[in-house]
Amino acid sequence: MDAETQQAPATSAAGSRRQQVIGVVTSAKMQKTIVVKVTRTVEHRLYRRVQRKAKQYYAHDEHQQARPGDTVRIEATRPLSRLKRWRLVEVMSRATGYRGE
């Protein structure tokens with residue numbers, strides 16, 4: 001049973017039908033590229049224990065506005081490089097006292 005609580009609705013204000021996810025920026029050291037960690041909860045199919053699963057996405061940040069620790073919404077797009085298939089839609093909240101892992 002997948003309980004993807006971090007999934008955003010399929011349509012935004014602009015009417016886009018591309019997949020969108022919400023995550024936390026873990027790195028913004030590259031030029032116009034951020035690394036976003038998206039965490040979701042999944043119930044184990046045998047033991048019924050809730051687990052957290054995380055995945056990292058490389059996203060295009062044209063104006064370099066995201067910083068580590070920020071909560072952001074990213075959207076799927078055409079391939080922009082070998083690893084980048086997402087782009088930054090908006091910075092939802094700014095980091096306060098972020099300490100990286």
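Solvent-accessible area of residue 90, all protein chains in place: 70 Å² (probe radius 1.4 Å, heavy atoms, ligands and nucleic acids excluded). Taking the average, over residues, of other Cβ atoms within 10 Å as the packing measure, peptides 31-39, 50-58 rank 31-39, 50-58 from highest down. Since only 63, 83, 51 are under comparison, the one whose Cα sits farthest along the positive direction of the charge dipole of the stretch 49-91, derived from C-beta charges on Lys, Arg, Asp and Glu, is 51. Close amide H partners of residue 32, meaning residues 5 or more places away or on another chain with modelled amide H under 5 Å apart, do not exist here. Once the Cα-Cα distance is subtracted from the 0.36 nm per residue extended length, the residue 80 to residue 52 segment shows a gain of 7.2 nm. Ranked from largest to smallest solvent-accessible area, with a 1.4 Å probe on the protein heavy atoms, 82, 40, 48, 94 come out as 82, 48, 94, 40.
The values are calculated or read from the model by the stated rules, or taken from the named source; none is laboratory data. Just so you know, these numbers come straight off a predicted model, no measurement behind them. Cβ atoms come from the backbone with ideal geometry, glycine included; neighbour counts cover every protein chain shown. Heavy atoms of the whole protein, side chains included, go into the accessibility calculation; ligands, DNA and RNA do not. Shrake-Rupley method; radii C 1.70, N 1.55, O 1.52, S 1.80 Å.
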